[in-house]
Amino acid sequence: MTKTILTVDDSRTMRDMLRMSLVEAGYRVVQAEDGVHGLEVLQVETPDVIVTDINMPRLDGFGFIEAVRKDATWRTTPVLVLTTEVDPEKKGRAKAAGATGWIVKPFDPVKLVDAIRRVAA
Amino acid sequence: MNEVMTSGSGARELIAFRVGVQEFCVDIMAVREIRGWTAATVLPQSPGYICGVINLRGAVLPIVDFAVRLGLPRSEPTARHVIIVVQIDRQMVGLLVDAVSDILTMNDNAIQPTPDVASDVVKSFVRGLMPVDGRMISLISLDHVLPAVEREAA
Amino acid sequence: MDPMAEIRETFFQECEEQLGELETGLMRMESGQTDSETVNAVFRAVHSIKGGAGAFGLEDLVHFAHVFETVLDLIRAGRLEPSPEAMRVMLRASDALADLVRAARDGSTTDPVRIASIVSELRQLTGEPDAGDAEDDDFADIAFAAVPVTIETEAALPPGWIVRFKPLADLYAKANEAGLLLRELGRLGPMRVTVDAESLPDLAALDPEGAYLTWTIVLDADCTEDMIRAVFEFVEDDCEIQIERNLPADVAVAASSSAVAADAGQPSDDEILALLRNAAASVEAPAVIEPEIVVAPPPPPPAVSPPPEPEPASASAEAPAARNDAAQGVGATIRVDLDRVDRLIDLVGELVINEAMLSQRVFEAGLARASAVMTALDELEQLTREIQDSVMAIRAQPVRSVFQRMPRLVREVATMTGKQVRLLTDGETTEVDKTVIERIVDPLTHMIRNAIDHGLESTEARLAAGKPAEGLVKLTALHRSGRIVIEVEDDGAGINRERVRAKAVEKGLVSPDAPLTDEEIDNLIFMPGFSTASEISDISGRGVGMDVVRRSVQALGGRISIASRPGKGSTFTLSLPLTLAVLDGMVVSVDGHTLIVPLSAIVETLQPRSEQVHTLGVDVRVLAMRGGYIPLVDVGAALGYRAMPAEPEKSVALLVEGEGGVRAVLVVDGIQGQRQVVIKSLEANYRAVPGIAAATVMGDGRVALILDVDAIVSVTRSDNLRVDASRVEPILMSAS
């Protein structure tokens, strides 16, 4: 069955790139523009993997992941953090919040799809 | 004017029309449509050869009385008159003429130069002359039907 | 367009938006608003530009954005004070970032010296020495580059690896799964997996979210230890892992054939997954967990995991679109090609005209007013109007995008003039048609330049006048009676009326003895050829005066006026239609012609009595009204429809107000009614016509002209203010 990926990113450019890369790899893609929007989308969608940015308005990636993990429906859904942040502190915070893994921007489509495959059942 | 249809050695299709007793022609590629006369709305502060403007499917189209443009007397337009809608650069203009007389295929080498005797007005937009079955047809260069300076002012 | 090019375009569009946000945020910070929301927004703007730039390999941009971002990150963390000095550097950095973005977009270059000097100033803020390209490490951290997708065959295998892997409970809490990691490991080469379930407790004692299993994997892969570690990258803190070289004896076993490996009991991916789900990670069904599942070897699988699941694009195309829409329906927006919107607007315009034509035909056919046809037509008309309004709203945008460009302009002009200027903006969310927005940039730019260059005094003069050294320029947008009003206000010296008047006389624009009110003098600065600067400066200049501003504003159907208070400052007021597509007009007849007078210009309609009309000199007539005299303009004569003016007392008069508040009474033959008309350009296929603002198509399908009230009103003023007819050929009116 086609897997659904939810991407959460406030940048239109990034959303477009994610959509293009993921659709090309055969995924179905749903998108949200920030953490709050992401949680709204989760009311109506059941993604297999979530890919989220960290720096976003309204609700950032850390807060979004925490909220996702608190919800029993999503506690076992893999969440990949997509960010240019590489310093260990940010990675650590993302992991502490419950991130499954991370993708360092700028990503290329192969890396992205690779990472998703690694965490997607 | 956009592309000019050329097939073989400079052959082109032309639409010939009549104004009074004279015949003229324009390249068919410039002609967008031919329609009957409808009353035009007079524009203030306009040259005499501008009859006014009409509604062409929502666009405002200026109408040039071709006879007046040539310096001939104005003829009161009737339902028998014809408007040839032509495209000049990005603008559309209607030419008010007496009737469409012919569709011709001509080679460029059939076009004779306009003799020096012609008036400056005529020479500015008659590109050449063509003999057809004993008639003389003037090939019009549309770029000069409206004086360039006016279109710049637009 | 290929998708990447399209995304690239999006990226640059988005950059412009981010640059605007950046500018706004920095201005806010400069004014003391350093709350975390503002600082975060500023950080995000730069961060987002950097992210996109990285994706397109725009190294210069990435590099600069990174340095900039580092400063912002320190401020965000409270480790750097946004001092006035720091703010100045950041504002300059934001200008430089904008230049870099545009250079990247247009493939042009920026001044490397300037960029380098700003980079070094930014670095000084961070206290970090000019560290060369150390930050490039940022993008050298390629997390997954080491994961190869090649599949090893059993030919002459070099020594392999033994991996012992014991997940901790945290691993599962972050939605990682041991099975997936094993599957990933299997991509490196053939492997044998054994599981040690010894520490699995009794069912009663089992923590459903605990981790009890240890896996031993014999991996026959010619890979480096790093490649194996990369597989466990996400979970390195959440598991115990040992990686060691396999012994030669084991290699022989593994290398003999995949069948041997299978006999040894290698479970398939799915089996592993099933096992693990049941054994450890499942919350819902802990009861299923039974040790024998772990012990019983599943049937032989292929040695190498199959390609990943994602199905071909055709399958994803079948994904239920409705579901997708539902998800995106939350505050969703779509981007639409402007051409499509414009086409829609054109079509709706046509619909309005056709609807009007239909109504007229029905009316002419003599159908009774209350007939079902008329009722249906009324409904159609209602609907048509609603469609029109909705379509117009698509094009409406906040003026923010224009306002955001102004702070930079102000800084530049302030620097060039050596003046201190503070810009205040208000009403950025005011919406107006996109075309209007695009076309007010230039006039507004000029007005702001003018306000700083000519409006504000020099610092010394300000101090001498007892004003603060810093001059104030205020930019405001608001909606007022169906139009958008934009004001540019300065607290400078105001118009020097004496000088303006002297200049106008000197230039022969007005006669020395002309009786002019203060307001009329102020408005002289809009006259062609007038420029208050003694020399045309580079700033307000390029030889462009306020007359050009006025003309471009008028071309938009707008008006501009000035109110000046000596010593206190000036306010330029720009009033523009919300859309360029429709206009509310009064339909009048003049000498058999139908004309539209914009309703916005009409103060009132009146019926002049003969005793109110007075003649001044040869051909000037005025109307006595409420204790004053207002010039009368015969529209038919002004447009050249007739040689002799009509008798006002047998006509209808419209009191109109042009820009600058100049009033006149227009004499027409009759009023047909009021209606909204779709504005059609005369310039598209012809040219501008003096006295005529535009055209429209009436219900009968004929073109009617829309009067340019300002031009007509100016006929009443001095000769030099007359309709600019110099561009026009000698008038030769055709008979109608």
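At-a-glance table
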read-out: Filter result for the condition that a residue is under 29 Å from residue B:62 (Cβ atoms) and under 42 Å from the mean Cα position of the chain (by Cα), over C:669, C:710; value: C:710
read-out: Set C:372, C:465, C:365: member being open to solvent by 60 Å² or more (accessible area, probe 1.4 Å), in contact (Cβ under 8 Å) with a residue 60 or more places away in the chain and over 26 Å from the mean Cα position of the chain (by Cα); value: C:465
read-out: Failed condition for residue C:88, given (1) in contact (Cβ under 8 Å) with a residue 24 or more places away in the chain; (2) over 19 Å from the mean Cα position of the chain (by Cα); value: (1)
read-out: Qualifying position, being open to solvent by 20 Å² or more (accessible area, probe 1.4 Å), aliphatic (A, V, I, L, M) and within 25 Å of the chain's Cα centre (by Cα), among C:98, C:41; value: C:41
read-out: Checklist (1) open to solvent by 10 Å² or more (accessible area, probe 1.4 Å); (2) more than 7 Å from chain C (Cβ to nearest Cβ) applied to residue A:77, failing item; value: (2)
read-out: Residue in region C:602-613 that is under 38 Å from the mean Cα position of the chain (by Cα), open to solvent by less than 50 Å² (accessible area, probe 1.4 Å) and at pLDDT 90 or above present; value: no
read-out: Strands (runs of 3 or more DSSP E) completely within region B:1-101 that count 1 or more residues being among the small types (Gly, Ala, Ser); value: B:11-19, B:31-36, B:50-56, B:59-65, B:91-97
read-out: Number of the condition not met by residue C:453 [criteria: (1) surrounded by fewer than 18 Cβ atoms within 10 Å (Cβ to Cβ); (2) in a helix (DSSP H, G or I); (3) under 32 Å from the mean Cα position of the chain (by Cα); (4) among the acidic types (Asp, Glu)]; value: (1)
read-out: Residue tally, condition open to solvent by 10 Å² or more (accessible area, probe 1.4 Å) and of a type outside the set (Phe, Trp, Tyr), over region C:44-58; value: 6
read-out: Subset of region C:386-403 [outside any helix (DSSP H, G or I) and either closer than 13 Å to residue C:91 by Cβ or without any contact (Cβ under 8 Å) to a residue 60 or more places away in the chain (or both)]; value: C:397, C:398
read-out: Answer residue from region B:3-40, given it is at pLDDT below 85 and of a type in the set (S, T, N, Q) and is surrounded by the most Cβ atoms within 10 Å (Cβ to Cβ) among those; value: B:6
read-out: Filter result (of a type in the set (Val, Ile, Thr), more than 18 Å from residue C:397 (Cα to Cα), open to solvent by less than 50 Å² (accessible area, probe 1.4 Å) and part of a helix (DSSP H, G or I)) within region C:415-449; value: C:417, C:445, C:448
read-out: Options C:105, C:164, C:88, C:79: the member that is basic (Lys, Arg), part of a loop (DSSP other than H, G, I, E, B) and modelled with pLDDT of 80 or more; value: C:79
read-out: Region C:357-404: number of residues that are more than 30 Å from residue C:429 (Cβ to Cβ) and of a type outside the set (D, E, K, R); value: 19
read-out: Tally of residues being open to solvent by less than 50 Å² (accessible area, probe 1.4 Å) and charged (D, E, K, R) across region C:16-38; value: 1
read-out: Residue C:114 part of a helix (DSSP H, G or I), touching a residue at least 12 places away in the same chain (Cβ under 8 Å) and surrounded by fewer than 16 Cβ atoms within 10 Å (Cβ to Cβ); value: yes
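The values are calculated or read from the model by the stated rules, or taken from the named source; none is laboratory data. This structure is a prediction, so every number in the text was calculated from the model and none was measured. Positions of Cβ are generated from backbone atoms using ideal geometry, with glycine treated the same way; all protein chains shown enter the neighbour counts. When the accessible area is computed, the model is the full protein with side chains, heavy atoms only, and any ligands, DNA or RNA have been set aside. Shrake-Rupley method; radii C 1.70, N 1.55, O 1.52, S 1.80 Å.
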